[in-house]
Ligand code: TMP
């Protein structure tokens, strides 16, 4: 398969961290950007999203979740991400494989090796740049549940779960400094957006 040309930027963080707002604000600054999300981002993957995010928190085991999130990602990659990158467009994705590495790989037993093997086999794509929006889980959880989107399965797993996620994301950033940038999320959105735009501008001309 040909190497993609466009830049692939992802946003990660715990639930309620403000990353979706930041993904949108960045997309507003880049004329040709494709703004997309996971789980979802293609018709088939959006159907899988509904299975994953609604219902009883105990509905799926972490292992089953790994398979469903990866199935959704494969469809998203085939139908949306790769075609856009090959067309030279910037793809901005609200969550990607790092979410599976942390939510499924590091919260309910150590399943990281399984996540990584499946990723290598079925996805094999990493972002060029990942913004990890860091946030106090107490504040983030209030925001997340306050939205009551009906897609609260992971928010309902509670504060300790969100604390584990936060540490997981910070460790991941530490392990991948070549692509991960940690952003302090407890600031006005415009201030955060300006910092993110500056980081992107340093890697891509012009923003
Ligand atoms: P969102 O709230 O950012 O739209 O994300 C949906 C939820 O799905 C969020 O609670 C995180 C979770 N999730 C995983 O557990 N694993 C994944 O691989 C992805 C992409 C999301």
Could you tell me whether residue 129 is farther than 11 Å from residue 14 by Cα, more than 14 Å from the ligand (Cβ to nearest atom) and without any contact (Cβ under 8 Å) to a residue 12 or more places away in the chain?
no
Can you go through 195, 163 and tell me which one is in contact with a strand residue (DSSP E or B) (Cβ under 7 Å, 6 or more places away or on another chain), more than 12 Å from the ligand (Cβ to nearest atom) and not in a strand (DSSP E or B)?
195
Only residues that are within 14 Å of residue 20 (Cβ to Cβ) and at pLDDT 85 or above: list them for the range 133-153, please.
133, 135, 140
Residue 18 vs (1) in contact with a strand residue (DSSP E or B) (Cβ under 8 Å, 6 or more places away or on another chain); (2) closer than 20 Å to residue 160 by Cα; (3) within 9 Å of the ligand (Cβ to nearest atom): all pass except (3)
Could you check how many residues of the range 85-120 are within 14 Å of the ligand (Cβ to nearest atom) and either out of contact with any strand residue (DSSP E or B) (no Cβ under 8 Å at 6 or more places or on another chain) or part of a helix (DSSP H, G or I) (or both)?
19
Look through 74, 82, 24 and report the one residue that is part of a helix (DSSP H, G or I), at pLDDT 95 or above and within 25 Å of residue 143 (Cα to Cα).
24
Within the set of pairs 6+ apart or on separate chains, which have a first residue in the range 93-121 that is over 29 Å from residue 26 (Cβ atoms), a second that is more than 11 Å from the ligand (Cβ to nearest atom) and at pLDDT 95 or above, and C-beta atoms under 7 Å apart?
111/63
Members of the range 43-63 that are more than 12 Å from the ligand (Cβ to nearest atom) and under 18 Å from residue 157 (Cβ atoms):
55, 56, 58, 59, 61, 63
Six or more apart or on different chains, Cβ under 7 Å: which pairs go from a residue in the range 17-28 that's closer than 12 Å to residue 190 by Cβ to one that's modelled with pLDDT of 95 or more and near the ligand (Cβ under 9 Å from one of its atoms)? Could you list them?
22/11
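Restricted to the range 139-152, and to residues that are surrounded by fewer than 19 Cβ atoms within 10 Å (Cβ to Cβ) and in contact with a helix residue (DSSP H, G or I) (Cβ under 7 Å, 6 or more places away or on another chain), which residue is farthest from residue 15 (Cα to Cα)?
Of everything passing the filter in the range 139-152, 151 is farthest from residue 15 (Cα to Cα).
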Within the range 37-51, is even one residue closer than 24 Å to residue 140 by Cβ, without any contact (Cβ under 8 Å) to a residue 40 or more places away in the chain and over 15 Å from the mean Cα position of the chain (by Cα)?
yes
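The values are calculated or read from the model by the stated rules, or taken from the named source; none is laboratory data. Computed from a predicted model, the values in this text were never measured in an experiment. Quick reminder, even Gly has a Cβ in these numbers, built from the backbone with ideal geometry, and neighbours come from all protein chains shown.
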